[in-house]
Amino acid sequence: KAKDQGKNRYCFYTDDLQELPARKLVLVRDLHRAIEKEEFEIHYQLQIDRRSGGYYGAEALIRWNHPSMGMIPPGEFISIAEETGMIVPIGDYVLREACSEAVKWHKAGSKIKIGVNLSPKQFYQHALVENIEKVLDQTGLDPRFLDLEITEGIAMNDYLGTVPHLSRLRQIGAKISIDDFGTGYSSLSYLTNLPIDTLKIAREFISRIGKDPANEAIIASIINMAGNLGLEVVAEGVETENQAVFLENLGCSKMQGFLFSRPARASITSLQLNGEVRI
Ligand code: C2E
Ligand code: MG
Ligand code: MG
Ligand code: MG
């Protein structure tokens with residue numbers, strides 16, 4: 001019997017090795033058909049303001065419901081989409097879906113922001129601002145409720161196109177957040193001239209609250225700096241009440257994390273917004 005188990009384990013191991021590149025190849029191949037076949041789903045994670053106790057926003061997070069491989073998380077295919085350029089149509093799809101969903105929530109009485117992640121290739125498209133304006137126009141979303149999340153890499157890139165792009169997005173009324181703030185190991189001087197609204201403190205810092213005083217000093221500094229620069233600050237990945245209380249005591253009341261809400265389909269998010277379910 002032990003021999004059988006050993007054999008099974010051996011088979012699993014070799015399959016696994018061969019699957020690594022094969023799986024990626026399949027994803028690259030199938031990504032081209034996934035949009036037409038509507039295999040993507042957008043899940044929404046509500047964001048809370050502990051000061052008011054209410055939801056003030058939701059982040060749109062894509063998932064790929066692959067017909068044979070099941071639900072594939074964005075961590076596995078967004079980088080492939082970025083490499084192959086497929087991120088541009090995928091990103092358009094997310095933006096359109098998320099904006100029209102937000103309009104439904106607004107009509108139902110929940111005036112919350114919608115957060116949409118922008119990858120570098122999407123951000124640096126020439127037609128980015130026009131595309132976004134078109135989607136806002138077609139969906140009827142008030143631009144002030146669109147919160148575009150950019151990577152720290154985009155934010156600190158001193159390529160000449162970055163600041164004008166950001167400025168134009170803010171001119172049309174959209175908000176800009178820097179996602180996963182603090183993970184880029186960058187100089188902070190780039191922040192002084194950047195037209196942005198919000199820093200989202202990376203989950204890596206939040207998960208170490210209560211375990212590491214140096215980490216806590218960094219969180220305190222980020223919150224303090226955001227205040228001094230006139231920026232909003234949001235904590236990502238809040239999982240425990242201890243973390244939430246720690247952040248609140250430092251003056252950071254906006255939070256996103258499993259403690260408050262897990263990413264869920266739009267139909268569930270509507271129920272959450274009405275207080276009918278809590279997930
Ligand atoms: P992100 O933008 O930083 O999104 C937050 C991620 O943290 C989400 O993972 C969310 O499910 C997860 N999360 C939220 N709260 C908690 C928590 O309390 N604990 C833990 N352990 N995790 C939490 P997800 O959905 O797997 O997305 C991963 C990343 O994929 C996103 O990170 C974002 O960078 C990218 N992504 C997702 N959707 C899109 C999209 O539509 N376009 C682009 N360009 N990137 C996307
Ligand atoms: Mg994000
Ligand atoms: Mg993030
Ligand atoms: Mg992240």
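The values are calculated or read from the model by the stated rules, or taken from the named source; none is laboratory data. Please read all numbers here as calculations on a predicted model, not as lab measurements. All Cβ positions, even for glycine, are placed from backbone atoms using ideal geometry, and neighbour counts span all protein chains on display. Please note that ligands, DNA and RNA were not included when accessible areas were found on the heavy atoms of the full protein model with its side chains. Shrake-Rupley method; radii C 1.70, N 1.55, O 1.52, S 1.80 Å.
Counting the residues of segment 157-211 that are open to solvent by less than 20 Å² (accessible area, probe 1.4 Å), within 15 Å of ligand 1 (Cβ to nearest atom) and among the polar types (S, T, N, Q) gives 2.
Kindly indicate whether any position in segment 50-58 is over 30 Å from Gly109 (Cα atoms) and either under 15 Å from the mean Cα position of the chain (by Cα) or open to solvent by 50 Å² or more (accessible area, probe 1.4 Å) (or both). No; the residues of segment 50-58 include none that is over 30 Å from Gly109 (Cα atoms) and either under 15 Å from the mean Cα position of the chain (by Cα) or open to solvent by 50 Å² or more (accessible area, probe 1.4 Å) (or both).
Looking at Asn215, Asn228, Asn224, just one residue is away from ligand 3 (no atom under 16 Å from the Cβ), part of a helix (DSSP H, G or I) and touching a Phe, Trp or Tyr at 6+ places or on another chain (Cβ under 9 Å), and that residue is Asn215. Considering each residue of segment 63-85 in turn, at least one proves to be touching a Ser or Thr at 6+ places or on another chain (Cβ under 8 Å), open to solvent by 10 Å² or more (accessible area, probe 1.4 Å) and either β-branched (Val, Ile, Thr) or on the phi > 0 side of the Ramachandran plot (or both). Looking across segment 149-198, the residues that are assigned to a strand (DSSP E or B) and touching a Gly at 6+ places or on another chain (Cβ under 8 Å) come down to Glu149, Ser177. Please specify each residue of segment 232-259 satisfying the condition of being within 16 Å of ligand 2 (Cβ to nearest atom) and free of Cβ contacts under 8 Å to residues at least 60 places away in the same chain. Within segment 232-259, Glu232, Val233, Ala235, Glu236, Gly237, Val238, Gly257, Phe258 qualify. Would a scan of segment 249-271 turn up a residue that is buried (at least 21 other Cβ atoms within 10 Å of the Cβ), assigned to a helix (DSSP H, G or I) and of a type outside the set (Ser, Thr, Tyr)? Checking segment 249-271: not a single residue is buried (at least 21 other Cβ atoms within 10 Å of the Cβ), assigned to a helix (DSSP H, G or I) and of a type outside the set (Ser, Thr, Tyr). Can you pull out the residues in segment 212-239 that are surrounded by fewer than 18 Cβ atoms within 10 Å (Cβ to Cβ) and either basic (Lys, Arg) or within 18 Å of Leu259 (Cα to Cα) (or both)? Residue satisfying the conditions is Glu239 alone.
A quick yes/no check of all residues on (1) within 15 Å of Asp30 (Cα to Cα); (2) within 16 Å of ligand 2 (Cβ to nearest atom):
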site: Ile72; (1), (2): yes, no
site: Thr84; (1), (2): yes, no
site: Leu95; (1), (2): no, yes
site: Ala98; (1), (2): no, yes
site: Val103; (1), (2): no, no
site: Lys111; (1), (2): no, no
site: Phe123; (1), (2): no, yes
site: Ile132; (1), (2): no, no
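Pairs linking a residue in segment 17-30 that is modelled with pLDDT of 55 or more to a residue that is among the polar types (S, T, N, Q) and part of a helix (DSSP H, G or I), with Cβ atoms under 9 Å and 6 or more positions apart or on different chains, are Val28/Thr84. Within segment 93-107, restricting attention to residues that are open to solvent by 50 Å² or more (accessible area, probe 1.4 Å) and not aromatic (Phe, Trp, Tyr), the residue that is nearest to Leu128 (Cα to Cα) is Arg96.
Residue by residue, here is whether (1) assigned to a helix (DSSP H, G or I); (2) of a type in the set (Val, Ile, Thr) holds:
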site	(1), (2)
Leu95	yes, no
Ser100	yes, no
Gly109	no, no
His126	no, no
Val129	yes, yes
Val135	yes, yes
Gln138	yes, no
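Cβ separations smaller than 6 Å between residues 6+ apart or across chains give the following pairs from segment 163-183 residues that are at positive phi to residues that are more than 14 Å from ligand 1 (Cβ to nearest atom) and open to solvent by 10 Å² or more (accessible area, probe 1.4 Å): Gly173/Pro143; Gly173/Arg144.
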